[in-house]
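Note sheet for the following structure.
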Amino acid sequence: MDEPGRAEDKPAVPDLASRIGRVSAPLRPQVRDVLREAILTMRFAPGQRLVERELIDMTGVSRTTIREALRELAAEGLVRTIPQKGAVVVALSPEEAEELYELREVLEAHLVRRFVAQAPDGKLVALRRAFTRLEDVVAEGGGTLEVLRAKDAMYEVLLDGAGNSALRTSLSQLHARVSLLRAGSLSSAPDRPARSVAELRELVKAVEARDAAAASAAMIAHVRAAARLGIAAIGAAPAPTR
């Protein structure tokens, strides 16, 4: 992967502006979504400084809009502001990533156990439909962001069925912090999306059987597989150019 900011990357810059203002939606969310995608697809590398003037040139929007979008991305855990340096893409250490995955394992195992115990049969149908959509996205060669969105739809069903608002809040905050790790895990190997689908297929089967122990074990196996690749991707990521 070419390092962001190098001369050979410059032709790709207009792509950001070309995707803004073409839909009937407020401008700021469009800018936020485009910048989020650039971060999650490593167009902007972990640790890279996000220079306001350059972002304005890339997107064709105002400084105020850029600052508002960056504030929202900071709230999501994708960007942080460093004194005397400004906004930079969050870069987690392997140790920080390991801690986050440990927490994710505990919370998501509890999530599926609670779903099995609490969710009505209609939610089982919704979960199967969401999983089928994920299968289709992967089979059609969908990109990292498409796969993440399909997986998020599955998690939304699980959270709805579990019926615990505190758990929803905790997992939403955690997923925001591990967005880069999830993207890195999915893009770390060509067959990772397919393997992820296979892991989640076992989870869905266990949930449909109302087997809480098997569902929990399947979720733990899925998170641990993602953790191995996500943490490895940190070490393989290109260093920021500034």
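Numbers at a glance
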| read-out | value |
| --- | --- |
| Förster radius 45 Å - calculated FRET efficiency between residue 217 and residue 49 (Cβ-Cβ, nearest 0.05) | 0.60 |
| Rg/Rg_ref, the range 27-105, where Rg_ref = 2.2 N^0.38 Å and atoms are Cα | 1.15 |
| Label-point gap, in nm, between residue 191 and residue 121 - each point 7 angstrom along Cα→Cβ | 3.9 |
| Dipole of the chain, positive end: most advanced residue of 30, 92, 207 [Cβ charges, Cα centre] | 30 |
| Inter-centroid distance (Cα atoms) of the range 62-96 relative to the range 163-231, Å | 26 |
| Mean projected area (nm²) of the alpha-carbon convex hull when the range 125-164 is viewed from all directions | 2.6 |
| Residue 146/residue 107 FRET efficiency (R0 22 Å; Cβ-Cβ; nearest 0.05) | 0.35 |
| Acute angle (nearest 10 degrees) that the helix 94-118 long axis makes with the longest principal axis of the chain, alpha-carbon atoms | 40 |
| Prolate/oblate/rounded label for the range 95-215 (Cα gyration tensor, a/c 1.5) | oblate |
| Distant-in-sequence amide H partners of residue 79 (H built 1.01 Å from N, under 5 Å) | 74, 90 |
| Cα coordinate range in the chain, projected on the principal axes (Å, largest first) | 54, 40, 35 |
| Relative contact order [Cα under 8 Å, 6+ residues apart], the chain, whole percent | 26 |
| Degrees, to the nearest 10: 192-208 long Cα axis against longest axis of the chain | 30 |
| Listed residues 226, 74, 209, most fluctuating in the chain (Gaussian network, C-alpha, under 10 Å) | 209 |
| The range 36-159 shape via C-alpha gyration tensor axes, a/c threshold 1.5 | prolate |
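Since every read-out is calculated from the coordinates, none of them should be taken as a lab result. All values reported here derive from a predicted model rather than from experimental measurement. FYI the Cβ positions are ideal-geometry reconstructions off the backbone, even for glycines, and counts take in every protein chain you see.
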